[in-house]
Structure formats: C-alpha cells, structure tokens
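The values are calculated or read from the model by the stated rules, or taken from the named source; none is laboratory data. In this text the structure is predicted, and so the values were computed from the model without any measurement. Note: ideal-geometry Cβ built from the backbone for every residue, glycine included; neighbour counts use all protein chains shown.
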Amino acid sequence: MNVLHRIAALTAIFSLTLLCMGMGDFGDTEIVKKIPRPDRPFTVTIVDDTDTSFMVSDFSVEGLTLVPVQMGKANMSIDFAKVKTVTLFEQDSKLAATVVLNDGSTKQVTMSPRTMFFGRTTWGLMRLKAGDIKAIHF
C-alpha cells in the first residue's frame with residue numbers, strides 16, 4: 001500500500017509539473033512584429049480614444065485598403081481612396097461610424113470593434129482595434 005501512495009504522489013507531481021510548464025505565457029506580449037503589406041500605399045492621421053494623434057503610413061485593414069462596415073444587414077467595403085474621414089463612437093453597444101466621402105456625402109454605418117487596423121509610424125509598427133479609434137483622417 002505504501003508503494004501505491006508513492007506512485008500516486010509521483011504521478012500527481014509529474015502531472016502538475018507538466019501542466020505548470022505548459023502555462024508559460026497567458027497572453028499576447030502586445031509586441032507588433034510585422035504588419036500585412038497593404039495592396040496600395042495610404043498615409044492617414046489616427047486619433048485614438050485617449051485623444052492621442054499620430055501619422056500612419058502603409059495603413060490597412062489586414063493588408064486591404066478598404067473600410068469594412070455594415071449598413072443595415074449588409075456588409076460593405078468602402079475604398080480608402082473615396083474616404084475623407086471616419087469618425088467612430090459607441091452607440092447602443094455597437095461601434096457606429098460616420099464616414100465622410102471625398103465627394104462630400106456622408107454615410108452612417110456600423111463597424112466591428114474588433115476590426116484590426118495596421119500601419120507604420122516613424123518610430124515603429126502599429127496595430128489598433130477599431131474600438132480604440134476615435135477618428136481616421138485620410
């Protein structure tokens with residue numbers, strides 16, 4: 001019986017050791033190591049939700065130069081080349097956006113707060129969720 005207790009204890013210790021070794025990193029280190037190459041070059045000014053403003057080149061949504069939005073039930077993509085500004089704000093637990101186009105017209109749309117924008121600043125690479133952005137000026 002004493003041998004069975006030792007085997008059970010060693011098995012438990014060994015199992016716990018393996019579990020602890022696998023737990024190393026619990027999350028993303030938040031280091032942006034690379035960004036997708038955009039299909040066209042765009043430079044924008046971003047204002048985040050802390051009112052911090054910065055210039056971003058090679059700006060894209062996962063390599064595409066389109067603003068992904070929803071209008072009603074339809075998913076749409078607005079070409080960066082047609083956009084003057086995008087202003088984002090929370091509205092009824094959604095991320096609402098006012099898109100001002102170069103022709104002066106305005107579109108009221110929604111956007112997923114998890115949409116990921118990428119770009120390059122003068123000091124490094126950038127990744128920013130739509131939910132953390134207040135405005136994008138093209």
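Side notes on the structure shown:
- Qualifying residue in segment 54-65 (condition: exposed (fewer than 15 other Cβ atoms within 10 Å of the Cβ), more than 15 Å from the chain's Cα centre (by Cα) and either closer than 20 Å to Thr110 by Cβ or at pLDDT 95 or above (or both)): yes
- Scanning segment 91-129 for residues that are free of Cβ contacts under 8 Å to residues at least 40 places away in the same chain and of a type in the set (Val, Ile, Thr), we see that the one that is surrounded by the fewest Cβ atoms within 10 Å (Cβ to Cβ) is Thr106.
- Every pair of residues 6+ apart whose Cβ atoms lie under 8 Å, when the first sits in segment 64-78 and is without any contact (Cβ under 8 Å) to a residue 24 or more places away in the chain while the second is among the small types (Gly, Ala, Ser): Leu66/Ser77
- Among the residues listed as Gly22, Gly27, the single one being loosely packed, with under 11 Cβ neighbours inside 10 Å, closer than 30 Å to Gly124 by Cβ, among the small types (Gly, Ala, Ser) and modelled with pLDDT under 90: Gly27
- Failed condition for Ile46, given (1) out of contact with any Leu (no Cβ under 8 Å at 6 or more places or on another chain); (2) under 20 Å from Gly124 (Cα atoms): (1)
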